[in-house]
Amino acid sequence: MSGKHVAVLMGGWVHERPVSLSTGTECADALEKAGYQVSRIDVDRNIAAVLKELAPDVVFNALHGPFGEDGCIQGVLEVLDIPYTHSGVMASALAMNKVKAKAVMSSAGVMVTQHLIVNRHDVGNQHPMDPPYVIKPINEGSSFGVLIVKEDQAHPPQELTGSDWPYPDVLMCERYIPGRELTCAVMGDRALGVIDIVPTGPGFYDFDAKYADGGSKHILPAKISPIVYQEVQTLALKAHQALGCRGVSRADFRFNEREDGTGELICLEVNTQPGMTPTSLVPELAAHEGIGFQDLVSWMVEEASCCR
């Protein structure tokens, strides 16, 4: 592996830029320690010309959000014929679109929740469904733009109709699932462990809970029944395969647990570019399986390809 030239793509111009810079820095540092020649690229719209001139052997895609996670950069890399990590064009586009991903996962037997497609201007004064429910952008990550409407709220969040709303007008409204936040990573064709995520603050698993130091507690392995634990792993792998994901992905679930340990298990989404920051879940899940961070990112580089 020594001498293989890896270009680590990070940053970009979308809301998740800070997360991507953190992911990219962590991965680039680990790859250098593993003996790779690493070029760190803060991505702008001239990325195709930059990569053509640089001519790396492999691209490690550490971008998050639109352009980096939705099939766009994957298409650029296919045209340039540069092997890259994570999922390909189709899987990335499908998984990033929460509505399309739900349809694919549901057809594969993965339970998803009821939802509606709404325009933010149409829901400012009247609930689109009986609360509690969640409103979120269709193509964002890291909980950007997610609003939880509680049962006692008289009307939808008024920021939806504000002139400073920074997200698209068309949104997804879905039934709120109470209970635990569970997550499971898939590495190749293998489901890793299951984490129970417990935010330390009063809110949900939002941006601060995800990335601030001490923002949440990660219980690994999750203290749920062995049957449910295995079902989460089974569904995470099933969703990964149904969407056509490659490399590493992470599926997020809500589990509304009953007293007998059973309950409603709903898949919220699949992340094809899961975070690799110091507080991220995938490195923790890999470490629990005895796979160190350096070995994890090295495996991702060696697994990279085109036509994914």
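For the stretch 5-85, rounded, prolate or oblate, judged on the Cα gyration tensor with a ≥ b ≥ c (square roots of eigenvalues), a/c < 1.5 rounded, else prolate if a/b > b/c?
On the way: a/c = 1.79, a/b = 1.08, b/c = 1.66.
Here the stretch 5-85 falls in the oblate category.
Does the stretch 129-174 classify as rounded, prolate or oblate by the C-alpha gyration tensor (a ≥ b ≥ c root eigenvalues; a/c under 1.5 gives rounded; else a/b over b/c gives prolate, otherwise oblate)? If you can, show how the numbers build up before the last one.
Numbers: a/c = 2.12, a/b = 1.39, b/c = 1.52.
Oblate, since a/c reaches 1.5 and b/c is not below a/b.
Top mean-square fluctuation among A108, A49, A185, Gaussian network model of the chain, C-alpha springs under 10 Å?
Result for the chain, Cα springs under 10 Å: A49 fluctuates most.
Counting only residues 5 or more places away or on other chains, whose amide H sits under 5 Å from the amide H of T85 once H atoms are built in the peptide plane?
Placed amide hydrogens put V59, N61 under 5 Å from T85.
Which one of D122, D164, D42 has the biggest mean-square fluctuation once the chain is modelled by GNM with Cα springs under 10 Å?
D164
For C72, C267, C173, what ranking results if the residue with the fewest other Cβ atoms within 10 Å of its Cβ goes first? Present the calculation step by step, with values, prior to reporting the outcome.
Values: C72 16, C267 24, C173 20.
Placing the least packed residue first, the sequence is C72, C173, C267.
For R250, R40, what ranking results if the residue with the fewest other Cβ atoms within 10 Å of its Cβ goes first? Please list the in-between numbers first.
Working: R250 25, R40 20.
Ordered from fewest to most neighbouring Cβ atoms within 10 Å, R250, R40 come out as R40, R250.
Which residues' amide hydrogens lie under 5 Å from the amide hydrogen of K217, considering only partners 5 or more residues apart or on another chain, with H built in the peptide plane?
V198, T200
Residue by residue through the stretch 70-77, which ³J(HN,Hα) values in whole Hz follow from phi under the Karplus form 6.51 cos²θ - 1.76 cosθ + 1.60 (θ = phi - 60°), with glycine and proline marked x?
Coupling constants for the stretch 70-77: 10, x, 5, 5, 4, x, 4, 5 Hz.
Could you give each residue of the stretch 280-286 its phi-based ³J(HN,Hα) in whole Hz, using Karplus coefficients 6.51, -1.76, 1.60 with θ = phi - 60°, and x for Gly or Pro?
6, 8, 4, x, 5, 5, 5
What 222 nm value per residue comes from the helices of the chain, counting each DSSP H run with n ≥ 4 as -39,500 (n - 2.57) and dividing by all residues, nearest 500 deg cm²/dmol? Walk me through the numbers on the way to the answer.
On the way: 9 runs with 93 residues, N = 308.
The per-residue figure over the chain is -9000 deg cm²/dmol.
Once amide H atoms are built 1.01 Å from N in the peptide plane, which residues 5 or more positions from N271, or in another chain, come under 5 Å H to H?
Residues meeting the amide H criterion: R250, A251, D252.
Pull out a ≥ b ≥ c, the square roots of the eigenvalues of the alpha-carbon gyration tensor of the stretch 104-161, then state rounded if a/c is under 1.5, prolate if not and a/b is larger than b/c, and oblate in the remaining case.
On the way: a/c = 2.10, a/b = 1.63, b/c = 1.29.
Prolate, because a/c is 1.5 or more and a/b exceeds b/c.
Return the single residue from E257, E26, E269 with maximal mean-square fluctuation; model: Gaussian network over the chain, springs between Cα atoms under 10 Å.
E257
No lab work stands behind these numbers, since they all come straight from the coordinates. Owing to the predicted nature of the structure, the values given are computational and were not obtained by experimental measurement. Here the Cβ is made from the backbone with ideal geometry for all residues, glycine too, and neighbour counts use every protein chain on show.
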